[in-house]
Structures are given as structure tokens and as C-alpha cells.
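Engineer: My structure is below; once you've seen it, I'll send some questions.
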Amino acid sequence: KLGDIQPDDENASEHVRFSRRLFLGSGAALMGAAGMGLGGSLVSTPAKAAEGHNAVALAPGELDEYYGFWSGGHSGEVRILGVPSMRELMRIPVFNIDSATGWGLTNESKEVLNHKPWLTGDCHHPHMSMTDGKYDGKYVFINDKANSRVARIRCDIMKTDKITEIPNVQAIHGLRVQKVPYTKYVFANAEYRIPHPNDGTGMDAIDKYYTMFSAVDAESMKVAFQVIVDGNLDNTDADYSGKYAFSTCYNTEGAVDLAGSMRLERDHVVIFNIERIEAAIKAGNYQTLPGADDVPVVDGRTGSELTAYVPVPKNPHGMNTAPDGRYAVANGKLSPTVTVLDIQKFDDLFDGKLQPRDVVAAEVEVGLGPLHTAFDNRGNAYTTLFIDSQICKWNLENAIKAYQGEQVEYIVQKLDVHYQPGHNHTTMGETRDADGKWLISLCKFSKDRFLPCGPLHAENDQLIDISGDEMKLVHDGPTYAEPHDCMLVHRSKVKPAKLWTRDDPYFAKTAEMAKQDGVTLEKDNKVIRDGNKVRVYMTSVAPAYGMDRFTVKQGDEVTVVITNLDQIEDVTHGFCVVNHGVQMEIGPQQTASITFKAEQPGVHWYYCNWFCHALHMEMRGRMIVEKA
Ligand code: K7E
Ligand code: RUQ
Ligand code: CUA
Ligand code: CA
């Protein structure tokens, strides 16, 4: 049986064996990376160790213990999965268009999307707002690398409610929240260096290009400040004191080509001193850049008092703060090492009492291609090894001792994952509530793990039980493009609404329009004509709309506003006009609206496309378009 063939098996086909772990390992070795150190210490799995004890399977009707918020990568959405079942519970459209809910089509969603024609995005890093280093269940923030934006999802209604375009920069990649005292700022790294101003001048002066670190106010979603940096910016994280954020940079070289960005043996981590940046702005020590007069920009390039640059090995990638609050880890990518920074030493570094490398508590080998690190509550770190296709579990204290020259083994176990993991994430692991129960490894390639579905393959998000001494792989979860990252939140932290409330700001603008038209949304079924603009207000109660017909004239711009009066949880209606590209979701007690042109005279049926009732098929009506 094919399923029984393990890639290491002699009987495995050449394809399976080849695809096993050579696939990218060889490619990356070829890519040059001379300092890649192919001799990473390999530790075999201990033969006997305490078993993990987590219950894996959920019976039908049982609820998951954790909400998993998954990035949808370049699908532009965010998804909610239940963990440990790995069942997909919901999709939250953010930067993309979504036919089922009308995201990108309704007036309310277009408002959130700032009326931009783009309906593309590239999400990497979903992160929930925190209070005192613990998830507070209020918002989830997500970056858009493709169009340099940051979005916010409200966790009561689980809809995107604000999107901010970050000015003066290109490609928002790393994103994290301030953890302490609460999420005042969302930190957003812009990856690519560009000329300033980027107006067609100065394009050849590559050494003058720069990028910036941005802080977005979590409530107003306005950009609070930007910091000019040396090099580029990859990933970021914040500390547990509220004083510092820090970002990896893989292009200290300032190169615009691949080889150039691998030239130096060391790149850096840039540490941002939030207090000093706030003080500088308060004192008026900032500039603004054309195109964003309201965004203070400070200069944090080398020599600035606002930042510190710590050299770390070649092209680092992930940046992860341990839940103990003391250490943060930069993952080596082209170096087989992780660098452990001692956050307690940052004050002295900024006061000039220490040199940058003095804050390095350890720099130890973990294997090939370390990308991201997650933590449990027992002092262990779990690092993804992209090239080795493994998770390396290592002990933080022992790594520090080993770095100081003690003869201790810091690597606890290496577990094969399938294949090429990018991010990983532990339950509650980036908060003070880290509980060391589950680890998700988000593998970039699934290769032979699932039934083939054409040249494009699913990725493989694997569930690993880390509650025992030994990591145990318990589930393979196919996912669609491309969940770089996820976040696992205990269900006690999330309190989703069952119904909409009538005063929800999400449709306040539509409610205001109704008021201007003298319409009471909760009861009226009325057509308001305003020149060639027609506003059709109707209610819905399963299984009927408040109007089974309305009449407009050819050429009218029609806005249909529907208020769903149902008060029963789960009774969502839809509204679709046949042959008009018009559809939307209207949740219980929600008002939603959509605008389109009535170009074709005749009868055009509209119907409900969210199943709501035994007579759901009968929930329909006619739009009569009279000849002009
Ligand atoms: Cu490692 Cu964009 Cu977080 Cu992908 S980044 S893996
Ligand atoms: S009908 S219950 Cu379209 Cu076959 Cu759906
Ligand atoms: Cu209303 Cu289906
Ligand atoms: Ca580099």
C-alpha cells in the first residue's frame, strides 16, 4: 500500500525518497550560503520518554479547546481553525473579495477597504491584542505585504473593521503587537528599501534607499510614528515590559540583488526604544515626509539614540520573545544558529554601558535553516528547521550554559516534519499564559502526504503534542495558500457575539443614510428615489424579504439595503441579484447594503443564498427594470 511506504523505506519510489528532505536542502546548499555549516549537530530521538497525554480526537459535537487564527497568505484572508481538531471553523475575508459574504462588494466592506480597487493581499502574521502580556480577545491584526497595509479584525463579530495603508513604505511584512501594558501599538515592519521621495528621482542612488518601522495605534488605526532604519526589516516582536520592540534585518548589505544580500557574514537585529521614540516626538524632534504630513518620522539609523543594532549571523528571519519575558530569539536562516538576546541588558545597552554583542546570551547551533521559534512553559524552545525539515526542541537555560562553555546538551529532541516548516506556534506561546500543550508546524510543502490534486499542492499544518517529554506528531492538516503563521488562543479568551446589535458601528454609515431618507431600518420597506439614484430599503424575516418586488428605471444606480430582523442565532440571509454580480450576507440583526447599476430592462429575480429555512428556495423577489 502506498500509504505504508515511508520515504526512508528502501521500497519507496525514487520520487518519494528524493522528495523527502533533499528537495530544498540541496537547492539551498547550491544557492551558495557558504557559511551555512552543513554539519549541524544531529541528535537522535530519545528511545524512551514520557508520552504526551493530550486527547487528540474530538467526538462529534465536542468543541475545541483553542481558537487557531491562521493567516491565509496570498489568498488575502484570515481563517479560524479549531485546535486540536484542526477543523476549519470560519474564513474572514480581509484584503480579498469573497463571494459568499459579499466582502469587497457591499458598501460596508468597501468602506473598510478604503474604496481601493485592489482586492488582493498577502497576509503573513495574525496577532491578537493583549493586556499585560495576555490575549484580551478584542482584535486580531494582520499585515498585507502585497499592498503595504495593516488590517484589524474585531473578535466579537469576526469581521475586518479597519484597514490602514502604511505611507512612505513598501511591503509590510513582520507584524506584532505591543504586549505590555496593553496593545497601544501594532508594530509593522516594511521590508523593502525605496528612494525617498519615490517619485522617479533618485532611483540609481541605491545607498540612499531606506525603509521604516511603523507603529500603528491599535484603537484609531492611525500611524503613530515611523522610524527610519539601516538595512531592511524582516520579522519583529515586542518585549514584556512595553519598552522595546526588535526586528530582524537580512539585508544589512543594502543590496538590490540576491547575491548581494548574502554577502556579509552578519546582518543585524535592530532594537527600538519605544519610550525614547515617544519622547523624541513629544519634543518635536521629527520630520514628516511628503504624502503623510500627520505621521511623525524619526531617524533611527546607526548612531541614533532611539535604536540599537546587534550584529547576528547571516540573513536572520524569525524574531520570537520567550514567555519568561527575559529572552528573545533571532532565527539564523542562512546560519544554523539561533541567537538569544537578553532583554534585561537592553537598558544598559541604550545607556552606553554595554556593547551591542554584550546582550547576546547564547548563539548556538540547532540545525539547518532555522526560521521561527515557539516556546512552552517549561523553558523549552521549538525551532523550525526549514532545510532539515525538522522541529528542534532545545532548552533555553542549557543553551545559555553551553554558550558560556559548560559541557551541557541543550538540544532535547529533533522531530521530522513534512516538509520544510516555516512558522510554528505553541498554544498561548507568545503570551505569559504559555501552556506547553500543542505545537503547530506550518510546513510549506506537503509533497506525498495527501492525495495529489494537480501541480499545485496543499501545504501541511501539522499538529504536535508537546505535553510530554517527547514531541509527538499527531495530525496532518492540509491548508490552502499560504498560512505563513498562526496563533493559538484558549477559547476562554474569545467571546464572539451571537447576534449583531442594531447600533453596531460597522453599518453606522448605512444607518445614517437611512435616517436621512426618513427610513426606519427595523420596519420600513421603501423605495427612495433621488435623481437616478434609487435606494431600496427592505427587511428580511425567514423565509421572506419585506418586498417581493421593486421597480427601478433602466440606468438607475440601485442601492439595496437589507435589515435582517431575525433574532435567532445562525439565521443568516443572503441577497443575490441574478446576472448582476451582486450578493451579500446579512446576519441576524445586521444591516447590509450593496450598490449596482440596473442596465438591462426586464425582470431580474433576486433570491436568498444563505440557507435559512425550509422555504429558503422560495425566499425571492423580482426587480422590475423599466425601459428608459
Ligand atoms: Cu517566516 Cu512572512 Cu513570518 Cu513566512 S515569514 S515563513
Ligand atoms: S438545492 S439544500 Cu440548490 Cu439542491 Cu440546496
Ligand atoms: Cu433567507 Cu435563505
Ligand atoms: Ca545579509
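Engineer: Is it fair to say ARG549 is out of contact with any Phe, Trp or Tyr (no Cβ under 6 Å at 6 or more places or on another chain) and of a type in the set (D, E, K, R)?
Structural biologist: The answer is yes for ARG549.
Engineer: Please specify each residue of segment 386-411 satisfying the condition of being closer than 18 Å to THR426 by Cα and free of Cβ contacts under 8 Å to residues at least 60 places away in the same chain.
Structural biologist: Across segment 386-411, the qualifying residues are GLN390, CYS392, TRP394, ASN395.
Engineer: Search segment 602-628 for residues being more than 11 Å from ligand 2 (Cβ to nearest atom) and aliphatic (A, V, I, L, M), and hand back the single one that is surrounded by the most Cβ atoms within 10 Å (Cβ to Cβ).
Structural biologist: Of everything passing the filter in segment 602-628, MET619 is surrounded by the most Cβ atoms within 10 Å (Cβ to Cβ).
Engineer: Right, something else. Considering only segment 133-153, state which residues are away from ligand 1 (no atom under 16 Å from the Cβ) and either open to solvent by less than 30 Å² (accessible area, probe 1.4 Å) or aromatic (Phe, Trp, Tyr) (or both).
Structural biologist: GLY133, TYR135, GLY137, TYR139, ARG152, ILE153
Engineer: Looking at the structure I just gave you, is VAL112 modelled with pLDDT of 95 or more, open to solvent by less than 10 Å² (accessible area, probe 1.4 Å) and in contact with a strand residue (DSSP E or B) (Cβ under 7 Å, 6 or more places away or on another chain)?
Structural biologist: No, not satisfied.
Engineer: Looking at segment 485-511 only, could you name the residues that are among the small types (Gly, Ala, Ser) and open to solvent by 60 Å² or more (accessible area, probe 1.4 Å)?
Structural biologist: Filtering segment 485-511 for residues among the small types (Gly, Ala, Ser) gives 492, 497, 508, 511.
Result: SER492, single match.
Engineer: Please go through segment 106-131 and give me each residue that is farther than 15 Å from GLU77 by Cα and not in a strand (DSSP E or B), ordered by number.
Structural biologist: Across segment 106-131, the qualifying residues are ASN107, GLU108, LYS110, GLU111, ASN114, HIS115, LYS116, PRO117.
Engineer: Applying the selection to segment 183-209, what residues are in a strand (DSSP E or B) and either open to solvent by less than 20 Å² (accessible area, probe 1.4 Å) or closer than 19 Å to ARG276 by Cβ (or both)?
Structural biologist: TYR185, VAL186, PHE187, ALA188, ASN189, ALA190, GLU191, ILE194
Engineer: Within segment 85-102, work out how many residues are open to solvent by less than 20 Å² (accessible area, probe 1.4 Å) and either touching a residue at least 40 places away in the same chain (Cβ under 8 Å) or among the hydroxyl-bearing types (Ser, Thr, Tyr) (or both).
Structural biologist: Result for segment 85-102: 5.
Engineer: Can you tell which of ASN525, ASN460 is at pLDDT 95 or above, within 16 Å of ligand 3 (Cβ to nearest atom) and in contact with a Ser or Thr (Cβ under 7 Å, 6 or more places away or on another chain)? Spell out the reasoning first.
Structural biologist: On the way: ASN460 fails: within 16 Å of ligand 3 (Cβ to nearest atom).
Result of the check over ASN525, ASN460: ASN525.
Engineer: Among the residues that make up segment 558-572, is at least one of them closer than 22 Å to CYS612 by Cα, open to solvent by 40 Å² or more (accessible area, probe 1.4 Å) and over 36 Å from the mean Cα position of the chain (by Cα)?
Structural biologist: So far as segment 558-572 goes, no, none of its residues is closer than 22 Å to CYS612 by Cα, open to solvent by 40 Å² or more (accessible area, probe 1.4 Å) and over 36 Å from the mean Cα position of the chain (by Cα).
Engineer: Something else about it: From the residues in segment 514-542 that are over 19 Å from MET623 (Cα atoms) and in contact with a helix residue (DSSP H, G or I) (Cβ under 9 Å, 6 or more places away or on another chain), which one is surrounded by the fewest Cβ atoms within 10 Å (Cβ to Cβ)?
Structural biologist: THR520
Engineer: Name the residue that is most open to solvent (accessible area, probe 1.4 Å), counting only residues in segment 363-373 that are of a type outside the set (A, V, I, L, M, F, W, C) and over 24 Å from the mean Cα position of the chain (by Cα).
Structural biologist: GLU365
Engineer: Hey, among the residues in segment 532-546 that are part of a strand (DSSP E or B) and of a type in the set (A, V, I, L, M), which one's farthest from GLU585 (Cα to Cα)?
Structural biologist: Among residues in segment 532-546 that are part of a strand (DSSP E or B) and of a type in the set (A, V, I, L, M), the one farthest from GLU585 (Cα to Cα) is VAL534.
Engineer: Keeping to segment 432-448, report how many residues are crowded, with 23+ Cβ neighbours inside 10 Å, in contact (Cβ under 8 Å) with a residue 60 or more places away in the chain and either in contact with a Pro (Cβ under 9 Å, 6 or more places away or on another chain) or not hydrophobic (A, V, I, L, M, F, W, C) (or both).
Structural biologist: Number satisfying all stated conditions: 2.
Engineer: Against the condition open to solvent by 10 Å² or more (accessible area, probe 1.4 Å) and either of a type in the set (Lys, Arg) or not in a loop (DSSP other than H, G, I, E, B) (or both), how does GLU219 come out, does it pass?
Structural biologist: When the stated conditions are applied, GLU219 does not pass them.
Engineer: Looking at segment 248-362, what strands (runs of 3 or more DSSP E) fall wholly within it and have at least 1 residues that are within 30 Å of MET428 (Cα to Cα) and either open to solvent by 20 Å² or more (accessible area, probe 1.4 Å) or more than 16 Å from ligand 3 (Cβ to nearest atom) (or both)?
Structural biologist: 266-273, 307-313, 319-321, 327-331, 337-342
Engineer: Is there any pair linking a residue in segment 549-574 that is within 16 Å of ligand 2 (Cβ to nearest atom) to one that is at pLDDT 95 or above and of a type in the set (Lys, Arg), with Cβ under 9 Å and at least six apart or on different chains, and which?
Structural biologist: The qualifying pairs are ASP570/LYS498.
Engineer: Which one is surrounded by the fewest Cβ atoms within 10 Å (Cβ to Cβ), of the residues in segment 395-427 that are away from ligand 1 (no atom under 16 Å from the Cβ) and among the aromatic types (Phe, Trp, Tyr)?
Structural biologist: TYR403
Engineer: Output the number of residues of segment 132-158 satisfying the condition of being out of contact with any Gly (no Cβ under 9 Å at 6 or more places or on another chain) and either of a type in the set (A, V, I, L, M) or assigned to a strand (DSSP E or B) (or both). Spell out how you get there, then give the answer.
Structural biologist: Going through segment 132-158, the residues out of contact with any Gly (no Cβ under 9 Å at 6 or more places or on another chain) turn out to be 132, 134-141, 148, 150, 152-154, 158.
Narrowing the set further to residues that are either of a type in the set (A, V, I, L, M) or assigned to a strand (DSSP E or B) (or both) leaves 134-141, 150, 152-154, 158.
So the count comes out to 13.
The values are calculated or read from the model by the stated rules, or taken from the named source; none is laboratory data. None of the values given here were measured: they were computed from a predicted structure. So basically every Cβ, Gly included, is an ideal-geometry build from the backbone, and we count neighbours across all protein chains shown. Remember, those area values only see protein heavy atoms, side chains included, never the ligands or the DNA or RNA. Shrake-Rupley method; radii C 1.70, N 1.55, O 1.52, S 1.80 Å.
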